[in-house]
Amino acid sequence: MNLRNVSRMWMLGIVIVLLAGLMASGCGSSKDAYVQAVYDGTLQAEPNIPIGKAFDQFFKNEKWKSFKSKEQQRIVEFNGDCTWKKQETHAVIQFTVDEDTKDFQVSFVQIGSQKMNLMESLGVVEKILKNYKP
């Protein structure tokens, strides 16, 4: 092998190692700052239970995203599948997030086709958090 081929092989090796490192660190799949704030955060009703960990236990096929609503509010939306009232169903839970402080509150819950009012929404989220087993 000549020096040119050795240099190319070294460069290829370095590129492969860098790409493997990026993939291992989750580059591209990391949560945005607003999703991370809710995922790592807690609610006043259960201040010692991280929302994300409790949701990971309760739901399957979880998906998190954030977006701006028509009213220009920052929304973090969670989607996941669960068993509710002995039925497999899909849930959507939204949190309104203050973009400056990253404080948040539950603002919408729908389980299957049933949209909950605010009191019911808080009760549903509290139930999910209380089911968490560290």
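When residues in region 92-122 are screened for being hydrophobic (A, V, I, L, M, F, W, C) and in a strand (DSSP E or B), 9 of them pass.
Could you say which residue among Gln57, Gln44 is loosely packed, with under 15 Cβ neighbours inside 10 Å, on the phi < 0 side of the Ramachandran plot and either at pLDDT below 95 or in contact with a Pro (Cβ under 9 Å, 6 or more places away or on another chain) (or both)? So that I can check it myself, show each step before the final result.
Numbers: Gln57 fails: either at pLDDT below 95 or in contact with a Pro (Cβ under 9 Å, 6 or more places away or on another chain) (or both).
Just a single option satisfies the conditions, and that option is Gln44.
Hey, can you tell me all the residues within region 91-101 that are of a type outside the set (Phe, Trp, Tyr) and surrounded by 16 or more Cβ atoms within 10 Å (Cβ to Cβ)? Answer for region 91-101, where residues must be of a type outside the set (Phe, Trp, Tyr) and surrounded by 16 or more Cβ atoms within 10 Å (Cβ to Cβ): Ala91, Ile93, Gln94, Thr96, Val97.
Modelled with pLDDT of 95 or more, open to solvent by 60 Å² or more (accessible area, probe 1.4 Å) and more than 15 Å from the chain's Cα centre (by Cα): is that true of Lys70 in this structure? Answer is yes for this residue.
The values are calculated or read from the model by the stated rules, or taken from the named source; none is laboratory data. Quick caveat, the model's predicted, so the values are computed rather than measured. We place every Cβ from the backbone using ideal geometry, glycine too, and count neighbours over all the protein chains shown. To get the accessible areas, we keep the full protein, side chains included, count just its heavy atoms, and leave off ligands, DNA and RNA. Shrake-Rupley method; radii C 1.70, N 1.55, O 1.52, S 1.80 Å.
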